[in-house]
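For reference, the structure discussed in these notes is given below.
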6 protein chains.
Amino acid sequence: MRPSGRQPNQMRAVTLERGIAPKAEGSCLVCFGSTRVLVTATVEQGVPSWRRGQGLGWVTAEYGMLPRATDTRTRREAAQGKQSGRTQEIQRLIGRSMRAVVDMAALGENQIILDCDVLEADGGTRTASITGAYVALADAITWLKARGLTKGEPLRDSVAAVSCGIFRGTPVLDLDYPEDSEADTDANFVMTGSGRFVEIQGTAEQTPFSRAELETLMALAEAGIGELTALQKAALNPA
Amino acid sequence: MRPSGRQPNQMRAVTLERGIAPKAEGSCLVCFGSTRVLVTATVEQGVPSWRRGQGLGWVTAEYGMLPRATDTRTRREAAQGKQSGRTQEIQRLIGRSMRAVVDMAALGENQIILDCDVLEADGGTRTASITGAYVALADAITWLKARGLTKGEPLRDSVAAVSCGIFRGTPVLDLDYPEDSEADTDANFVMTGSGRFVEIQGTAEQTPFSRAELETLMALAEAGIGELTALQKAALNPA
Amino acid sequence: MRPSGRQPNQMRAVTLERGIAPKAEGSCLVCFGSTRVLVTATVEQGVPSWRRGQGLGWVTAEYGMLPRATDTRTRREAAQGKQSGRTQEIQRLIGRSMRAVVDMAALGENQIILDCDVLEADGGTRTASITGAYVALADAITWLKARGLTKGEPLRDSVAAVSCGIFRGTPVLDLDYPEDSEADTDANFVMTGSGRFVEIQGTAEQTPFSRAELETLMALAEAGIGELTALQKAALNPA
Amino acid sequence: MRPSGRQPNQMRAVTLERGIAPKAEGSCLVCFGSTRVLVTATVEQGVPSWRRGQGLGWVTAEYGMLPRATDTRTRREAAQGKQSGRTQEIQRLIGRSMRAVVDMAALGENQIILDCDVLEADGGTRTASITGAYVALADAITWLKARGLTKGEPLRDSVAAVSCGIFRGTPVLDLDYPEDSEADTDANFVMTGSGRFVEIQGTAEQTPFSRAELETLMALAEAGIGELTALQKAALNPA
Amino acid sequence: MRPSGRQPNQMRAVTLERGIAPKAEGSCLVCFGSTRVLVTATVEQGVPSWRRGQGLGWVTAEYGMLPRATDTRTRREAAQGKQSGRTQEIQRLIGRSMRAVVDMAALGENQIILDCDVLEADGGTRTASITGAYVALADAITWLKARGLTKGEPLRDSVAAVSCGIFRGTPVLDLDYPEDSEADTDANFVMTGSGRFVEIQGTAEQTPFSRAELETLMALAEAGIGELTALQKAALNPA
Amino acid sequence: MRPSGRQPNQMRAVTLERGIAPKAEGSCLVCFGSTRVLVTATVEQGVPSWRRGQGLGWVTAEYGMLPRATDTRTRREAAQGKQSGRTQEIQRLIGRSMRAVVDMAALGENQIILDCDVLEADGGTRTASITGAYVALADAITWLKARGLTKGEPLRDSVAAVSCGIFRGTPVLDLDYPEDSEADTDANFVMTGSGRFVEIQGTAEQTPFSRAELETLMALAEAGIGELTALQKAALNPA
């Protein structure tokens, strides 16, 4: 039924490759099927001026897409002179998701910037970005801890994200682009490794959805996040 | 328990004043307590170029805030030369919410622009905007129908929005600014008059929330949307 | 003869409603007929960096128009990414007009920002803005004085503004939009309560005007300003 | 009494050199003392899109200042990415002044752009620009007429501009920079060769001015404009 | 003598991996040592409006750098709202270099856009970009030819680029970042496979260079380009 | 053979007029035939923030073109809101060329800004700008030395620039606009008075050039720079 032949509750193949950007304090190439995002984590000592003097850290994110990540070329935002509303929405979501699992007092007055650049886009770039950004964030925090620059453990939990939607009447997990562009309802779930919600964003493109449908999507998402959490753990603690 | 003395499931006083902007094809001054938003609906014959020739209409929204809608002055976006990410996120949400209840084929190649300008901000400006925008939209569609410019009834349902959150451990309905700035979890629900979901956006500011908590918020929202739907009907069909 | 049926020397109904924006240190909803402008005065302690260390205050203004203040929708300047030349010209005029009646040494190193946002535009938005801004300014100064933040009385005089023009050959006072868009000559006068000129801007749209015509317009303006000054006094000193 | 030793009613030496920019259809280097402005008039066949199909021409102006026209370097507007409010105000004034003496039907669907670039600034750059722009405009119109591209005579009158002000209590003509930066009142007059007003802009920097003072300034301006008109005639019709 | 231990005339290891971006009509991941650039070639039917109707094609390029391609994070140009002068200079150079080997009449009214995005920067990003862009361009042209969209062979020659410089007094080939940041003279050579020059850009950072030194650099470059040309051929015609 | 009738190795008439901008610390009107550029040198005490505290000076340049310097009007960059890639490329080149002959330690923490504004463009505006900028720079340094603000002699050499190209198969010196727009190869040479190279930029517009052709162009350039150096000396040391 799904164009890819997947089962409704089946995710795409997900891989998390650490250390892909050797200059960064943390990095991860995350793939959800053919969606590929290169995430780097940059550690900067000090925080933005509005945050100074409180002893608290800051975590933020930026998102971009290479022009030919998409089937037809997308205009380069740097050449257009501004970031689109969609880009800003996504990078704000990534930033909030990361901050939800960081103890800012333990981080101390350090800033971590997650840069998520989409090399290839086939649906789910924001959920892949969040899932990969956690891995890069964890490595950046390890880097800080190794240098004695934190006050205790800044990471309170892990965080990952997945999308679900109603495609041709059936609730399915981890929409790819052909599904996403046709789905009636599209929802993104950001959850912690311990199974709590950080963000939930559900949108009806055409037909509003019922509470029962939302419940079904949530159950799919919980299972998917469980898988992603296991993959994150495996990537960060290789055998 | 709530700073305003309201019950957990009690909304602020909500008023919807139609016709406040006499030059517009539809308009509404919507108040959720002291949050006040002036919404106008502009009808333009024709649609943007990317939409032309399909026989379909378009509905979009823009959002702004007067500099002194807030306790301390907010810089004017026109003077800064760009709209913030928050502004773009909100206006995209309003536009999607309106489109979810409009039959674009029945609207025909006409465009309706909803302008939501916040005169005073005390929390919930996006939910008030959506609730008021529906009223202005309905009047603009009546204007079009009276001139024979539609093909049948473009309005498929009504739409309204409300926020809920967990404030000092208690789930509450319709957060005002003092609650919003302190709440652990903040969720916005956009629902149709028939009780289906158009958008759900839940965010954990600090502490991720459980599925049970989300269920409680949904129940609060459903009740709140019911009240708003009744107020919208009363405003559009005065005795 | 005038589209509105007014006498040549007759102003529109003018109202000045103080305190309309409860969060601001001063505010005024000013109406010249159906032209309606919401003015807020914001007090900020400290002055811009180029002004610091001289013991002098600063007063400035910003102007905007809601998109549907006009008969057809005007594009939002924040969405266009810049303020038009007309907007900048008007806000510079409002700022200069206010500064002409303020003793900057008495104001001390405080800044007052007047935000003039046009809710409905029917001609004369700049003169209405100036007339209302004075009322908001006066309240903001009262607010400062009540807190002992000034050095003596910063207000040296009152200030108001009115337009005059030659409409179908006849000099008339306080042009509304139908007159303004057709008038040969359009002049704006900014005057103090004591009858002196702060600004005079006369423009011939088509036919240059003679000195005699200008004299006639001045006489009309002096009478109009007298009425506005009385209304300002009444608004600030209610019985 | 004046820093330059001039009489109150004495203008600076004014020169108008035509043809200074050989590529342009009209050009003029205008000097008011050491204020020097290079004006070019560009003829473009066709008018902006909003003006098309009415059989009417259009005249507009742009203004700029070389960075080192001033005593200390002024930042280049192209490098800053926008034109200042002052620049826009001035170029709008120049454009309106030129349009006031052009018969747009006779001009036909042609556009003339006046570019006024200040090489050296010593006060009065806008009045010098207007005075020189008229000469460049007249040459551009001659160019059009020689090619049979007009319908009759587009020039209805000449136009020139001069400033006056109250300097240390005395009304004086044609303020230079030392006077301008100190004057209480500064007024710019744009008048036709036949002695009618196109624009009058009077501003009180500190002390509002009386009607009597304004009358005195007008008389000074009328005399000054008379001199400038004679110089324009001589430049355009050399012996 | 060189920080990397290379001989003066020794290039870094260069690899050219085709087809890295499956959605693009041509693509190449080019590595000069640890400098890595992802190049995609996009084919668009039609040319920019200024080029239309001449039967000629167009080739252009854009360049960007991921924020953490560098040792410390570089601000994202899309977030800053403009491309730097350096970026524009480089992308103009890449575009000119490609156009020098394309027969625009044979290409027909098609446009090819080369996007060069630096994943990791260790000196020589512009020369690597040009060298890789040729490979992506060749594949895009093959794609066009396979669809019968060209008029004969658009590729007239191959093109590659390399830098040379005088490092601590010795002329060396293919500067890496430690060398580049210290070199007295830095020159970029763009040459065809047949050994002719397309671009030569030599710059003395501190000490101007003699003609003899330039000759030495040219000889180094000719040898380096020979190696790159062989690698390009091997990549495009794998055994 | 050349449209101007010049010999292949013949430069246009070159003039260098010092002191043309009386407010600037140095200035020069440079003409290469009918190409005319007004250069001013501004001295500012202090250096940009990234340069502070090292005891070193800084020299930079900006470039602009009056709208009607060209045969058809070029849009004003200030009105467009950004500098073109071409403008940035040229001003970066001028800045680098000047810095190559300045001893920054001797200059001390002073900044010199060269503004090059093209009054009329007939090819070679960048080479004329560099040649004239050196004269303005030298006068600005004399100004600094006269005030005891340098540490020894900051000028290490003179610098000038000229273009060469292959026009209809013949190598020629100092291309004018008709030649430049048709030439196959265009090269700009920046050289010191002592005959060393500061910059060399050669570009093949259509046909790549051979090393032999480049050698011929270099020889032409060396002769041309010799003439320009003599003119600079004569301008700075008038008999």
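None of the figures in this text is laboratory data; all of them are computed from the coordinates on show. Note that this is a predicted model, so its numbers are computed, not measured. Glycine also receives a Cβ, built like all others from the backbone with ideal geometry; neighbour counts cover every protein chain displayed.
Observations on the structure shown:
- Contact order normalised by residue count of region E:25-143, Cα under 8 Å, 6+ apart, percent: 48
- Cβ-vector label at 7 Å, residue D:7, separations to other copies in nm: 4.7, 6.0, 9.0, 9.0, 10.4
- Magnitude of the charge dipole, the protein assembly as shown, Cβ model with Lys/Arg +1 and Asp/Glu -1, debye to 20: 0
- Between residue C:156 and residue C:239, the C-beta separation translates, for a Förster distance of 30 Å, into a calculated FRET efficiency of about 0.75.
- Springs join every pair of Cα atoms under 10 Å in this Gaussian network model of chain C, and among C:221, C:121, C:78 the largest mean-square fluctuation is at C:78.
- For region A:112-167, the convex hull drawn through the C-alpha positions has a volume of 78 cubic angstrom per residue.
- Computed over region B:45-142, the Cα gyration tensor eigenvalues convert (square root of 5λ each) into semi-axes of 28, 15, 10 Å, ordered from largest to smallest.
- Listed residues F:202, F:152, F:95, most fluctuating in chain F (Gaussian network, C-alpha, under 10 Å): F:152
- With K and R counted +1 and D and E -1, the other residues having a Cβ less than 9 Å from that of residue D:93 yield a net charge of +1.
- Counting every other Cβ atom within 10 Å of each residue's Cβ, C:96, E:75 order from fewest to most as E:75, C:96.
- Every helix of 4 or more DSSP H residues in chain E counts as -39500 (n - 2.57), and over all residues that averages to -10000 deg cm²/dmol at 222 nm.
- For region D:21-135, share of DSSP beta bridges that run antiparallel, in % to the nearest 5: 70
- Over 20 Å [Cα-Cα, region B:17-76], rounded percent: 46
- Here the simple spin-label model places points 7 Å from the Cα toward Cβ, and for residue C:15 and residue B:194 these points are separated by 4.3 nm.
- Compactness index (Cα Rg / 2.2 N^0.38 Å), the protein assembly as shown: 0.99
- Of all chain A residues, the closest to the A-onto-D rotation axis by Cβ, with that distance in whole Å, is A:81, 5.
- Farthest toward the positive end of the dipole of region E:14-236, out of E:95, E:185, E:221, is the Cα of E:95, where the dipole comes from beta carbon charges about the Cα centre.
- Along each principal axis, Cα extent of region B:134-239, largest first, Å: 53, 24, 19
- Taking other Cβ atoms within 10 Å as a rough exposure proxy, E:103, E:139 sort from fewest to most as E:103, E:139.
- Ranked list, fewest to most other Cβ atoms within 10 Å of each Cβ, for D:16, F:38: D:16, F:38
- Chain D: radius of gyration over Cα atoms, expressed as a fraction of 2.2 N^0.38 Å: 1.01
- Residue with peak Gaussian network fluctuation, chain B [Cα springs, cutoff 10 Å], from B:39, B:102, B:159: B:102
- Separation of alpha-carbon centers, region A:15-74 and region F:143-168, rounded to whole Å: 45
- For residue D:212, the point set 7 Å out from Cα toward Cβ sits 2.5, 8.7, 8.7, 9.0, 9.1 nm from its twins in the other copies, listed from shortest up.
- Calculated on C-alpha atoms, the gyration radius of region F:152-212 divided by its Kirkwood radius gives an Rg/Rh of 1.10.
- Inter-copy separations for residue F:230, label at 7 Å along Cα-Cβ, nm, ascending: 4.9, 5.1, 8.6, 8.6, 10.0
- The mean number of Cβ atoms from other chains found within 10 Å of a Cβ in peptide B:18-26 is 4, as a whole number.
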